[in-house]
Structures are given as structure tokens and as C-alpha cells.
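Undergrad: Quick one: structure below, then a few questions.
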Amino acid sequence: MDPPLIEVMHLHKTYDVGDVPVRALRGVSFRIHEGAFVAVMGASGSGKTTLMNILGCLDRPSAGSYRLCGSEVSGLGRNQLAEVRNQLLGFVFQSYNLLPRTSALENVALPLHYAGLSGRAAFEAAAYALEKVGLADRLRHQPSQLSGGQQQRVAIARALVTRPRLILADEPTGNLDSATSLEIMALFQELGATGITLVCVTHEREIAAFASRLMRMRDGMIVEDRPQTPASPLAPRPEGREEVAS
Amino acid sequence: MTLLRTLRVAIGALLRNKLRSFLTVLGVVIGVAAVIAMVSIGEGAKARIAQNFENMGTNMLMVHSGSTRTRGFRGGSGSLPSLTWGDLEAIRDEVATVRHAAPFVSASAQAISEEENWQTRVSGTSPEYFDIRNWPMALGRRFTKAEVKSKAKVAVVGKTIVEELFGDGANPLGRTVRINRIPFKVIGVASEKGSNVRGGDSDDVVLIPVTTFMAKIQGGLQNRIPGGIFVSATSQGVTGRTREDIEALLRARHRIRPGQDADFHTHDMAEMASAFKDSANTITSLLAGVALVSLLVGGIGIMNIMLVSVTERTREIGLRMAVGAKPRQILAQFLVEAVTLALIGGLLGIAAGLGGASYLAGRFGWPLLIRMDMVAVAVAFSGLVGVVFGLYPARKAALLDPIQALRYE
């Protein structure tokens, strides 16, 4: 069997805030294999965001090991971590984090620019990614001209455009209404079917239900980790239902 | 990320805040414009000075009587004429590099025409004087050697005299000017020379044969030259040598021992011209220095706005880092933005500076001289200002923690 995509062993993270050290992670170990769709649930302060930051190579663990695609990344420097993020990872944030006053196409092409891909090839790949998330007709729109769901789709296209092995989503539906949330989760399921590994942090049970594996965290530790039968989208994704925000 | 892409991102970011970018750039615009205008003005003034000296003849030298010592008492400069007519001839005949030598004696006098009278300076000289001063006639002719020999009562007048005594545009040739009640016939009008280096009017002159001057105006000692000798060297390159030769000749003729003060002075125009140019240079560099300080102030403005920009765009920086921007790529982005601002300021400043310089040149009647090296220095310096003042904000951006930057509200 191939090595797991993610293998974390005895992961610890301690923040020094004031006099009292905050132990955000206290010995977390798990493996995630390629193609999995993992939901991470937990109350705020349970350490799930810290875990996501470490999995996303935005932060480094205080102790323990994190092997991504078979190689240790916990000791890498800022530049190497930037390369890992650029080539292996894609991020989807709760607040979309699109560049304002910048077209959807340019937003999606951004990671490719940092990957060293120049102009035209980058924009062609970006247009293809936007097509995959159903926004082929919104390439020139700026974030302010798009609805929340459309903005999150642009963000997903941006995460997809570098063909990453792993997409990390941090409360991706937190700012969306329930109908749009379900559409976004259905989109994630579609991506999962193509072999991309997804890790999604959420505190909503209905959202977590779409995953094939559920991890529950409390006080910096994993208290539950079980496979589940993913829910199917409640309704087929309606076309053109989202309205352009005014 | 290619440099071109970085530049595009920078320009896009600057265009997003057009007014702010413009105001930021204004400091550099003013600085660069001031440098260019000041240096151009300085160069124009220098060229004007050089032109004035050119008018006087740059291969010209002057010999004046110095202080004399009479029984132990030292008189002031020119207290007693020490130069003799023999000295004049010796200079003309014995110094190889002398082309012309002319005596020059002058006195203040009231010039009277039929209509008007005017206080002016009457000077006696020989025809070579007009060659030495590089001074052609506008009308008529100069007096001849024969007229000098015969003590003829003829005069060459300057343009100011024509205006004051005969009226604007009048033709004074053949008319009479009385000086000390002696009638002189006007035979020539010297061409206009404008102001001299000291700011006086070079055209307010009446020139008559030196012999006539000595006999009718001056009176008194006839064997000495109560003024100076104007000399022209054969070329500008030999004025220094000519001056040394004349000094050696006169020291020998006046029997002055080595180490003893000479009883005459020599000046050459090249020396005076370079002294004037030196002072013009000093003023130019002073003004340029002040202008450079304002360029520096412009740089501080850029730094200020870049710091604001980094804070405002913290989330953007965090996102760029999350999708794979390395610290040095973030650094490059903000540095390019700062340098772009500074260079745009530099280019606008050059345009404004050249505009200002040509306006001032037109106003003061100076030649418009653009020093391309200064333009290049101004551009390079404004770029440098962008780098120096952009580096700190850019570094600040590059060192942000991506997690905190992403969460920044």
C-alpha cells in the first residue's frame, strides 16, 4: 500500500500567551489516505484550527512529526513551507479571502503566478478551474459582483488550480446560507470523487455528514475518529439559482 | 512570479488609490523638479557669465599701475602711474605671444550735444583696443592710427550715448559732441555690448584717440600712462604664459628685485571668468543640495504611505503567503511598488523641472541648458529613494506571520 498522504504522530503545539502556556494540541496522531474526505469537528478552542494551520504548513508543531506525501515537513523553513503550500495544498477559507477589485480569473491565477507559471498558461488553467466550479461565465467579475456562494466557488477554483494533493477547508460554509452550503459541499464531494483529498473543519453536523470520515476534537486531542457513509446532496445542484449580490 | 507580473500587480495596487498615489508621488515630483530646475538655472547663469566674458574677449589681459613707494610711503593702487609709453611698446614688441596692446585712460566728463547733456566716461585709447575687446562698429568706423598720431578730435560713442544725446534710433555720424567744451566729431557707433560682468553699462562710453585725451582732457604727466594697458594674447591657451612674460618684462624694466612688490598689477579674463564660474558653481550646488533634501522628504512620504498600505493589505499578504508566496516575493512586491511610485515621481519631476527651467530661462533671458547627467542622476536618485524608503515597509510585509495576517481585521 502507498504511504498515507498525511501521517501525524504525537503532534503537540504550545503557544506562549502571557505567563501561562496554552497547549492547543496535546499529542494528536492519525493517518489520512489519498482520496479521503475528512470532516474535523469540535467546539471552538478544541484545537481544530491549530491542527488545520499545521496541516496547511502555515504553522509548525512544537513537537511530534508531520509527514506529508511521505516526507517530513515539520522542520522546514518559511521558503520551503511556501513551496509545499503552493504545490501540494489548496486552501478554502470561511471568509473566501479573495483579492478585492481583482477579477475572478486573476484571483484564481494567483497561486500559479507564485508557482512561476507565466501569463497565458496561468490564465488558461485558471479559466479551466473556474469552469469546473461552474463559473465559466463569471471570469471577469470582481468579488463584489459575485454572491457569497459564487465567491466561495472562486476560492475553491483557486485552491484547485495548482492540482494539489490536499485541499484544506476551514469552515467553508460558515458565511453561507444553508442551501448554498449544501451546494458547496456537493461540489466538495464531486472533487473528492476525482481523487483529491479533503480535510474540512466545521462545527455543523449537516456539513460534516458529507464526509467519509469524521474526527471530533476536544481540548487538543482527538476524541472520536470513525468512518461514516457520506450523505448525498439533498437536492441536485440547481443551475443559476444564485443571484449576483448588489 | 516574474518581474513583469510583480510590476503589474504594483501598478494595479497604485491605481486602486489614485489620489493617494498621486499625493505620495508629489513629494518626489517637487524634489526632482527642484533639482533639475536649480541645476539648469545654475548652468544658464554660468553660460551667461561665460558669454559676458566672451564679449570682453577671453584672451584679454590687463596691466594696471600698482602702488608706488615714494620715500618709504606706500600709496594706494594706481596712486602714481608707474606704466610708461615705453612699457606699452615693449609689451607690444618684445612679448612674442602678444597680438595687440592698447593704452586705456579714462575720466568722468560731461558730454554735451546740441540737444542734451549726459555724464559719462570718456576714454582715450588706440584702434587696437576694439580688436582686443572684440568690439565691432555698428555704424561708421573706428579712429585710425593716423588720427591717433595727429591728435584728431574724433569720437566713437556707445549706444547709450546715442540714445541720451541724440535720441533713440538717431544717426549721430558726423554730428558733434562737446567734452570739456572741446568739440569732437562722431565717426562711429560701437555695437551694443550690454551689461558688463560687474553689472555696469558697457555702452555708456565715449572713446577718443589716446593722444587727444592726454593733450585735451587729462593734462599733466605726459610720459606716464595714467590708466592701464589692454593686451590680447595670440590665443586663449597662451594667456597665462603671456601674463608671466609681461610681468617678467615689466619687473626688469622697472628694476624690481626678486621678492620685492611689483608696482603694477596684471589680470587676465580667464582667471576672472573662472572665479565667477566657481561662485556660480557653489550657488548651483547649494541650491541642488536644498532640492535634494526635498527629494528626501518625498521619500519619507513614500515610506509613510507604504507602511499604511502594508497594514491595510495585511489579509492580502496573508492570502498570498497561504497560496505559496515566499517572503522574498512579498518583499519584492512592496519594494517594486515603492520604487514605481518614486520613479513615476522622478519622471513627472523631470517634466516639471524642465518646464520650470525653460520658463525661468525665458524670463531671465538665459540660455536653457539641460544637463542630461543631472536628469539621469535625478532618476537614479529617485529610484534609490524608492528602494531605501520602500525597504522597511516591504520587509515588514515579508516578515508577517501568515496565520495572523489571514485573521487580521
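Undergrad: If neighbour count is taken as other Cβ atoms inside 10 Å, put A:H113, B:H265 in order from fewest to most.
TA: B:H265, A:H113
Undergrad: Going by the alpha-carbon gyration tensor, a ≥ b ≥ c the square roots of its eigenvalues, is chain B rounded (a/c under 1.5) or, if a/c is not under 1.5, prolate (a/b greater than b/c) versus oblate?
TA: It comes out prolate by the Cα gyration axes.
Undergrad: Enter the angle in degrees (range 0 to 90, nearest 10) between the Cα long axis of helix B:239-253 and the first principal axis of the Cα atoms of chain B, meaning the one along which they spread out most.
TA: Approximately 30 degrees, to the nearest 10.
Undergrad: Right, next: Counting other beta carbons within 10 Å of each Cβ, put A:L168, B:L4 in order, fewest first.
TA: Taking fewest neighbouring Cβ atoms as first place, the list is B:L4, A:L168.
Undergrad: Run the reach check for B:K151 against lysines, Cα to Cα strictly under 19 Å, same-chain hits fewer than 8 apart removed. What comes back?
TA: B:K185, B:K216
Undergrad: Now a separate question. Once the mean 1/r over all distinct Cα pairs of region B:292-409 is inverted, what Kirkwood radius in angstroms do you read off?
TA: Computed over region B:292-409, the radius equals 15.8 Å.
Undergrad: What angle, in degrees between 0 and 90 and rounded to the nearest 10, separates the Cα long axis of helix B:372-398 from the longest principal axis of the Cα atoms of chain B?
TA: That helix lies at roughly 20 degrees to the long axis.
Undergrad: Once you place label points 7 Å from the Cα toward the Cβ at B:R121 and B:L26, how far apart are they in nm?
TA: 5.1 nm
Undergrad: Multiply the residue gap between B:M137 and B:K151 by 0.36 nm, knock off their C-alpha separation, and tell me the result in nm, one decimal place.
TA: Gain in length upon complete extension: 3.0 nm.
Undergrad: Excluding residues on the same chain fewer than 8 positions from B:K46, give the lysines whose Cα lies under 20 Å from its Cα.
TA: Answer for B:K46, where 20 Å is the Cα cut-off: B:K193, B:K277, listed by chain and number.
Undergrad: Which order results if B:R141, B:R8 are arranged by neighbouring Cβ count within 10 Å, fewest first?
TA: In increasing order of surrounding Cβ atoms, one gets B:R141, B:R8.
Undergrad: Now, a different point. Mind computing the radius of gyration and Dmax over the alpha-carbon atoms of region B:158-251? Å is fine for both.
TA: Computed over the Cα atoms of region B:158-251, radius of gyration and Dmax are 17.3, 48 Å.
Undergrad: Roughly how many Å is it from the Cα centre of region A:129-145 to that of region A:61-98, as a whole number?
TA: Each part reduced to its Cα centre gives a spacing of 27 Å.
Undergrad: As a check on your grasp of the helix formula, calculate [θ] at 222 nm for chain B: sum -39500 (n - 2.57) over DSSP H runs of n ≥ 4, divide by the residue count, round to the nearest 500.
TA: -17500 deg cm²/dmol
Undergrad: May I ask for the percentage of alpha-carbon pairs in region B:175-316 that lie more than 20 Å from each other?
TA: For region B:175-316, the share of Cα pairs beyond 20 Å comes to 75 percent.
Undergrad: How big is region B:83-262 on each of its three principal axes, counting only the C-alpha atoms and giving the largest first in Å?
TA: Principal extents (Cα only, largest first): 56, 36, 31 Å.
Undergrad: How many percent of DSSP beta bridges within the protein assembly as shown run antiparallel, rounded to 5?
TA: 70 percent
Undergrad: Quick check for me: using +1 on Lys/Arg Cβ and -1 on Asp/Glu Cβ, what's the dipole size of the protein assembly as shown about its Cα centre, in debye to the nearest 20?
TA: I would put it at about 1320 debye.
Undergrad: Now a separate question. Using the alpha-carbon centroid of each, what span in Å lies between region B:256-271 and region B:360-391?
TA: Spelled out, the Cα-based centre of one part sits 44 Å from the other.
Undergrad: Can you list the residues, at least 5 places off or on another chain, whose amide H is less than 5 Å from the amide H of A:F210, using H built in the peptide plane?
TA: Amide H neighbours of A:F210, under 5 Å, 5+ apart: A:A231.
Undergrad: Helix B:269-312 versus the longest principal axis of chain B: what angle, 0 to 90°, nearest 10, using Cα atoms?
TA: Taking Cα atoms only, the helix is inclined about 10 degrees.
Undergrad: Quick one, what does Rg over Rh come out to for chain A if you take C-alpha atoms and the Kirkwood Rh?
TA: 0.97
Undergrad: May I ask you to list the residues of region A:1-34 whose amide nitrogen lies under 15 Å from a point 7 Å from Cα along the Cα→beta-carbon direction of B:Q404?
TA: Zone members listed by number: A:15-18.
Undergrad: So how many Å³ per residue does the convex hull of the Cα atoms of region A:80-167 work out to?
TA: 86 Å³
Undergrad: Over chain B, what is the relative contact order in whole percent, taking alpha-carbon pairs under 8 Å and six or more residues apart?
TA: 29 percent
Undergrad: I've got another one for you. Check cross-link reach from A:K48 to the lysines: straight Cα distance under 25 Å, and skip same-chain residues fewer than eight apart.
TA: Once the sequence-local lysines are set aside, what remains near A:K48 is A:K13.
Undergrad: Just need the relative contact order of region A:6-227 here, percent rounded to a whole number, with Cα pairs under 8 Å and 6+ apart.
TA: Dividing the mean separation by the residue count of region A:6-227 yields 30 percent.
Undergrad: Please compute the Cα-Cα pair-distance distribution of the protein assembly as shown with 20 Å bins starting at 0, giving whole percents from short to long.
TA: The percentages, shortest bin first, are 15, 28, 16, 13, 15, 11, 1.
Undergrad: Using DSSP H assignments, which helices in chain A have an axial alpha-carbon span of 27 Å or above and a mean Kyte-Doolittle hydropathy of -1.0 or higher?
TA: none
The numbers here are math on the coordinates, done by the rules we state, and not lab data. In this text, all values refer to a predicted model and were calculated from it rather than measured experimentally. Cβ coordinates were reconstructed from backbone atoms using ideal geometry, including for glycine residues, and neighbour counts include every protein chain displayed.
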